[in-house]
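K.L.:
Structure below; questions to follow.
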Amino acid sequence: MKNIKLNPSKTALVVIDLQKGIARADRKLEPHALDEVVNNAAILAVACRRVGAKVFLVHVTSSDGKDMLKPLLDEEQQWGGRSAPDWAEFIDELAPTDKDIVITKRQWGAFHGTELDLQLRRRGIDTIVLCGIATNIGVETTAREAYQHGYNLVLVEDAMNAMSGAEHDASFRFIFPRIGLVRSTRQTLSMLGA
């Protein structure tokens, strides 16, 4: 494993979909306890703010559903309940500060149809620390997009969850090592000098 130090001024934490409608205690997510994933993401956010790395909080929402993708599917998506008034609000542990940047997406990935790339480039960011839910959906799509945009990636394994351990493991076994660095929260904090 490479021992790499990150430059906080060129690094951003991007947190995917840790919002009330998705990161709920009654939803079965694996392989980590939801509290562990939330706690690790919050620890990363606090550390990034402290060392001067930017924090981007990404949530998915739609005002009327008209801008959501509606392709033909063999399996319906399982993230219902979008009519709840707080569905798109960030969980309390990751409430945005006035220095964070909030990105609203309407697809799985955080780049397509958003200003994420523009906001990262304006700040000279070349490295993204990525975490959130679901590992193989929103996080993996964003990771692939970031890779194709030329960003370095640190993928924080214990700050992600999926709908099954098998889905989570497949991303970390087959995709993430080929597009970035797979690390734990502790290892990432060390890379940041936090």
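The values are calculated or read from the model by the stated rules, or taken from the named source; none is laboratory data. Keep in mind the model is a prediction, meaning the values are calculated, not measured. Virtual Cβ from ideal backbone geometry, glycine too; neighbours counted across all protein chains shown.
K.L.:
Identify, from the list ALA23, ALA47, ALA12, ALA95, the residue that is surrounded by 20 or more Cβ atoms within 10 Å (Cβ to Cβ), modelled with pLDDT of 95 or more, of a type in the set (Gly, Ala, Ser) and closer than 18 Å to ILE133 by Cα. Spell out the reasoning first.
P.N.:
Values: ALA23 fails: modelled with pLDDT of 95 or more; ALA47 fails: closer than 18 Å to ILE133 by Cα; ALA95 fails: surrounded by 20 or more Cβ atoms within 10 Å (Cβ to Cβ).
Only one candidate passes the filter, namely ALA12.
K.L.:
Is it the case that region 126-140 has a residue that's at positive phi, more than 14 Å from the chain's Cα centre (by Cα) and not in a strand (DSSP E or B)? Don't jump to the end; show me each part of the working.
P.N.:
Here is the first cut: in region 126-140, the residues at positive phi are 132.
Filter once more, keeping what is more than 14 Å from the chain's Cα centre (by Cα): none.
No, because not a single residue in region 126-140 is at positive phi, more than 14 Å from the chain's Cα centre (by Cα) and not in a strand (DSSP E or B).
K.L.:
Next question, about the same structure. Quick check: anything in region 160-170 assigned to a helix (DSSP H, G or I) and buried (at least 21 other Cβ atoms within 10 Å of the Cβ)? Let's see the steps before the verdict.
P.N.:
Within region 160-170, the subset assigned to a helix (DSSP H, G or I) is 165-170.
Cutting the leftovers down to buried (at least 21 other Cβ atoms within 10 Å of the Cβ) gives us 168.
Checked region 160-170: at least one residue is assigned to a helix (DSSP H, G or I) and buried (at least 21 other Cβ atoms within 10 Å of the Cβ).
K.L.:
Hey, can you tell me all the residues within region 151-194 that are closer than 19 Å to LEU29 by Cα, charged (D, E, K, R) and within 17 Å of the chain's Cα centre (by Cα)?
P.N.:
Answer for region 151-194, where residues must be closer than 19 Å to LEU29 by Cα, charged (D, E, K, R) and within 17 Å of the chain's Cα centre (by Cα): GLU157, ASP158, GLU167, ASP169.
K.L.:
Return yes or no: is LEU120 closer than 19 Å to GLY52 by Cα, under 13 Å from the mean Cα position of the chain (by Cα) and of a type outside the set (D, E, K, R)?
P.N.:
Numbers: closer than 19 Å to GLY52 by Cα: yes; under 13 Å from the mean Cα position of the chain (by Cα): no; of a type outside the set (D, E, K, R): yes.
The answer is no for LEU120.
K.L.:
Next question, about the same structure. Restricting the first residue to region 106-120 and requiring it to be closer than 13 Å to VAL14 by Cα, which pairs with a second residue that is at pLDDT 95 or above and of a type in the set (Phe, Trp, Tyr) meet a Cβ separation below 9 Å and a spacing of at least six or different chains?
P.N.:
ALA110/PHE56; LEU116/PHE56; ASP117/PHE111; ASP117/TYR151; GLN119/PHE56; LEU120/PHE56; LEU120/TYR151
K.L.:
All but one of (1) surrounded by fewer than 18 Cβ atoms within 10 Å (Cβ to Cβ); (2) of a type in the set (Phe, Trp, Tyr); (3) over 19 Å from LEU57 (Cα atoms) hold for TYR147, so report the exception by its number.
P.N.:
(3)
K.L.:
Same structure, new question: Name the residues in region 171-190 that are of a type outside the set (Ser, Thr, Tyr), part of a helix (DSSP H, G or I) and either touching a strand residue (DSSP E or B) at 6+ places or on another chain (Cβ under 7 Å) or exposed (fewer than 14 other Cβ atoms within 10 Å of the Cβ) (or both), would you?
P.N.:
Filtering region 171-190 down to residues of a type outside the set (Ser, Thr, Tyr) leaves 172-183, 186-187, 189.
Okay, now just the ones that are also part of a helix (DSSP H, G or I), so 172-179, 186-187, 189.
PHE172, ARG173, PHE174, PHE176, PRO177, ARG178, ILE179, ARG186 - these are the residues of region 171-190 that are of a type outside the set (Ser, Thr, Tyr), part of a helix (DSSP H, G or I) and either touching a strand residue (DSSP E or B) at 6+ places or on another chain (Cβ under 7 Å) or exposed (fewer than 14 other Cβ atoms within 10 Å of the Cβ) (or both).
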